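This report concerns only the one structure given below.
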Amino acid sequence: MSFRGTTILAVRKDNKTAIAGDGQVTLGDSIMKGNARKVRRMFHDKVITGFAGATADAFTLFELFEKKLNQFNGDLTRAAVEMAKEWRTDRTLRKLEAMMLVADTSKIYLISGTGDVIEPEEGAIAIGSGGNFALAAAKAYLNASDLDASEIARRSLEIAAGICIYTNSNIIVEEV
């Protein structure tokens with residue numbers, strides 16, 4: 001499943017994790033907003049999340065994930081798995097059209113409504129229309145630079161914004 005209209009990238013390097021997201025919201029072929037905040041902190045600022053997809057759906061998923069984090073006392077893996085199970089099996093939730101990246105200092109996961117909970121092998125993962133562009137840049141930076149996770153995420157999103165028409169350069173980066 002791929003979503004047009006956004007790019008979200010998570011990068012982990014040297015015990016730091018950053019999630020970056022652009023600010024563009026599109027409706028069809030029109031830009032509706034350029035400064036949306038698609039990256040958020042949760043659970044006492046120990047977890048960061050980013051979403052791609054329908055905005056109202058993403059807010060519903062943010063709330064559900066925050067409840068799961070609280071329920072499992074910040075255990076990112078357990079919260080991600082339980083959220084994916086509920087998202088996939090609940091009749092209302094499974095109609096939501098969004099994907100999420102969630103991270104703490106040691107783990108990054110992609111969570112989808114099809115029950116996926118995917119941890120990247122190489123310290124970076126991306127979603128959204130510009131995701132592959134940002135991911136390619138992040139992998140290159142991870143392997144060939146001394147940049148930290150936040151700077152890799154920011155620069156990679158800037159590259160994606162220069163290629164993907166659904167991604168802008170109004171970038172928010174959060175790091176744990």
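The values are calculated or read from the model by the stated rules, or taken from the named source; none is laboratory data. A quick note: this is a predicted structure, and the numbers were derived from the prediction, not measured. Glycine also receives a Cβ, built like all others from the backbone with ideal geometry; neighbour counts cover every protein chain displayed.
Scanning the range 32-84 for residues that are touching a helix residue (DSSP H, G or I) at 6+ places or on another chain (Cβ under 7 Å) and within 13 Å of Asp104 (Cβ to Cβ) yields Met42, Phe43, Val47, Thr49, Phe65, Leu69, Phe72, Ala79. Can you say whether Phe65 is assigned to a helix (DSSP H, G or I) and either surrounded by 22 or more Cβ atoms within 10 Å (Cβ to Cβ) or on the phi > 0 side of the Ramachandran plot (or both), as far as the supplied structure shows? Yes; evaluated as a whole, the condition is true for this residue.
Do we find a residue being touching a residue at least 12 places away in the same chain (Cβ under 8 Å) and more than 24 Å from Lys139 (Cα to Cα) anywhere in the range 15-26? Full working, then the answer.
In the first step, residues of the range 15-26 are kept if they are touching a residue at least 12 places away in the same chain (Cβ under 8 Å); the result is 15-26.
Okay, now just the ones that are also more than 24 Å from Lys139 (Cα to Cα), so 25-26.
Checked the range 15-26: at least one residue is touching a residue at least 12 places away in the same chain (Cβ under 8 Å) and more than 24 Å from Lys139 (Cα to Cα).
Where strands (runs of 3 or more DSSP E) fall wholly inside the range 85-144, the ranges with 2 or more residues that are over 21 Å from Ile171 (Cβ atoms) and either among the hydroxyl-bearing types (Ser, Thr, Tyr) or touching a helix residue (DSSP H, G or I) at 6+ places or on another chain (Cβ under 7 Å) (or both) are 108-112.
Filtered by the rule that a residue be more than 18 Å from Met99 (Cβ to Cβ), of a type outside the set (A, V, I, L, M, F, W, C) and either at pLDDT 95 or above or touching a Gly at 6+ places or on another chain (Cβ under 6 Å) (or both), the range 111-155 gives Lys139, Tyr141, Asp148, Ser150, Glu151, Arg154, Arg155. Counting the residues of the range 1-41 that are in a strand (DSSP E or B), closer than 15 Å to Ile127 by Cα and at pLDDT 90 or above gives 10. For the range 12-24, the criterion of a residue being acidic (Asp, Glu) and in contact with a Leu (Cβ under 7 Å, 6 or more places away or on another chain) is satisfied by at least one position.
In the set Asp75, Asp116, Asp104, only one residue is surrounded by fewer than 17 Cβ atoms within 10 Å (Cβ to Cβ) and either hydroxyl-bearing (Ser, Thr, Tyr) or under 22 Å from Gly21 (Cβ atoms) (or both); that residue is Asp116.
Scanning the range 22-45 for residues that are among the basic types (Lys, Arg) and under 20 Å from Gly162 (Cα atoms) returns Lys33, Arg37, Lys38.
The single condition among (1) touching an Asp or Glu at 6+ places or on another chain (Cβ under 8 Å); (2) hydroxyl-bearing (Ser, Thr, Tyr); (3) outside any strand (DSSP E or B) that Tyr166 does not satisfy is (1).
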